[in-house]
Amino acid sequence: MKSKLAVAYQLIHTPGVSRHIPDTELLRESAFYKMIRKHDKIYLKPDRGRKSRGVIRIEKLNYDLFKLREGTDKTYVHSKDLWKKVNGMTEDSKYIIQRAVNSVTKDGRPFDLRCHSLRVNGRWKVGGICGRLGEKGSIVTTSHYGGTPTLLDTLFKRHLGLTYMERTRLNRKLERCVVKTVRQVSHMFPNLYEFAVDIGIDRHKRIWIYEVNIEPLIRGNFKLLPDQTLYRKIKRMREKAR
């Protein structure tokens, strides 16, 4: 497993991609307090974690009180005890802090996009993009924690209420963003020929890159879609990828 932070730092310095990266830093006390003062909601993620294991969300309820969520567990912590609690929850692993993006559907369900890209004949191409709908109130969207892989058009039309023109425009922006991102990340890992980019979209339709998956699986996302077209397409592209 590769470092999320190393990839984020690479992308922060990439023209055309940097504006899509939410504030991301290594978890240490000074950086933690800087981030929690700046944002009402942040995520803590294991730097080398997978499948949303160990993800913690911290929400500022008021000046003195914070809500911590890990899985289905909720804890309310006073500001004076906050770092001690966070340090105790994360001391066994290297963690990153990331600003939370308000990527939610019309009815308040969290969602993100899994964007799978492969290098075929020397060119990076998008093999498929699908949505992932989290349970209402959940802090993650992966199928391992109750999330539902969803066709992109269904997500955009039914759950976000986007018009045909909005969907078309956003699709184009997503594909351009994904290709620029993986092209840059491939300089760090020249022997790899496929990546997946996890993306959020806020209420202003702004694209945010959460992380790049270095060894992406497709069975927990594309294989679970009601239509298997994208799953089959990515499998075919894998045979030609190099």
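The values are calculated or read from the model by the stated rules, or taken from the named source; none is laboratory data. These numbers were taken from a predicted model, which means no experiment stands behind them. Methodologically, a virtual Cβ is constructed for each residue, glycine included, from the backbone with ideal geometry; neighbour enumeration extends over all protein chains shown. Please note that ligands, DNA and RNA were not included when accessible areas were found on the heavy atoms of the full protein model with its side chains. Shrake-Rupley method; radii C 1.70, N 1.55, O 1.52, S 1.80 Å.
Below are the figures for this structure:
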quantity: For the chain, built as a Gaussian network whose Cα springs stay under 10 Å, the top-fluctuating residue of THR181, THR163, THR105; calculated: THR163
quantity: Solvent-free Debye scattering, log10 I(q)/I(0), computed from the Cα coordinates of the chain at q = 0.16, 0.17 Å⁻¹; calculated: -1.21, -1.35
quantity: Solvent-accessible surface (1.4 angstrom probe) belonging to TRP83, in square angstrom, nearest 10; calculated: 40
quantity: The stretch 95-102 - phi-based ³J(HN,Hα) in whole Hz, Karplus 6.51/-1.76/1.60, Gly and Pro as x; calculated: 10, 10, 10, 9, 4, 6, 9, 7
quantity: 3J(HN,Hα) from dihedral phi, the stretch 66-82, Karplus parametrisation 6.51/-1.76/1.60, rounded to Hz, x for glycine, proline; calculated: 10, 10, 10, 10, 9, x, 9, 7, 10, 9, 10, 10, 6, 4, 5, 9, 5
quantity: Inter-centroid distance (Cα atoms) of the stretch 45-113 relative to the stretch 191-237, Å; calculated: 23
quantity: Cα long-axis angle, helix 164-188 against the chain (0 to 90 degrees, to the nearest 10); calculated: 80
quantity: Efficiency of FRET from Cβ geometry, HIS187 and ARG53, R₀ 45 Å, rounded to 0.05; calculated: 0.95
quantity: Directionally averaged shadow of the stretch 95-170, computed from the convex hull of its alpha-carbon atoms, nm²; calculated: 6.9
quantity: Reachable aspartates and glutamates, given that their alpha-carbon falls under 18 Å from the alpha-carbon of LYS60 and they are not under 8 places away in the same chain; calculated: ASP23, GLU29, ASP40, GLU70, ASP73, ASP81
quantity: 9 Å beta-carbon shell around GLU59, net charge (K/R +1, D/E -1); calculated: +4
quantity: Solvent-accessible area per residue, Å², over the stretch 171-210 with all protein chains present [probe radius 1.4 Å]; calculated: 51
quantity: Percent accessible area from carbon and sulfur atoms, the chain, protein chains only, probe 1.4 Å; calculated: 47
quantity: Kirkwood-based Rg to Rh ratio, the stretch 46-129, C-alpha trace; calculated: 1.10
quantity: Theoretical ellipticity at 222 nm over the chain - DSSP helices of four or more residues, -39500 (n - 2.57) apiece, nearest 500; calculated: -8500 deg cm²/dmol
quantity: Amide N proximity, the stretch 100-115 versus LYS136 label position 7 Å along Cα-to-Cβ, cut-off under 20 Å; calculated: 102-112
quantity: Equivalent ellipsoid, the stretch 177-242 (semi-axes from 5 times Cα gyration tensor eigenvalues, Å); calculated: 21, 19, 9
quantity: Projected-area average for the stretch 107-215 over all orientations - Cα convex hull basis, square nanometres; calculated: 7.0
quantity: Cβ crowding within 10 Å averaged over residues, with 21-29, 164-172 ranked highest first; calculated: 21-29, 164-172
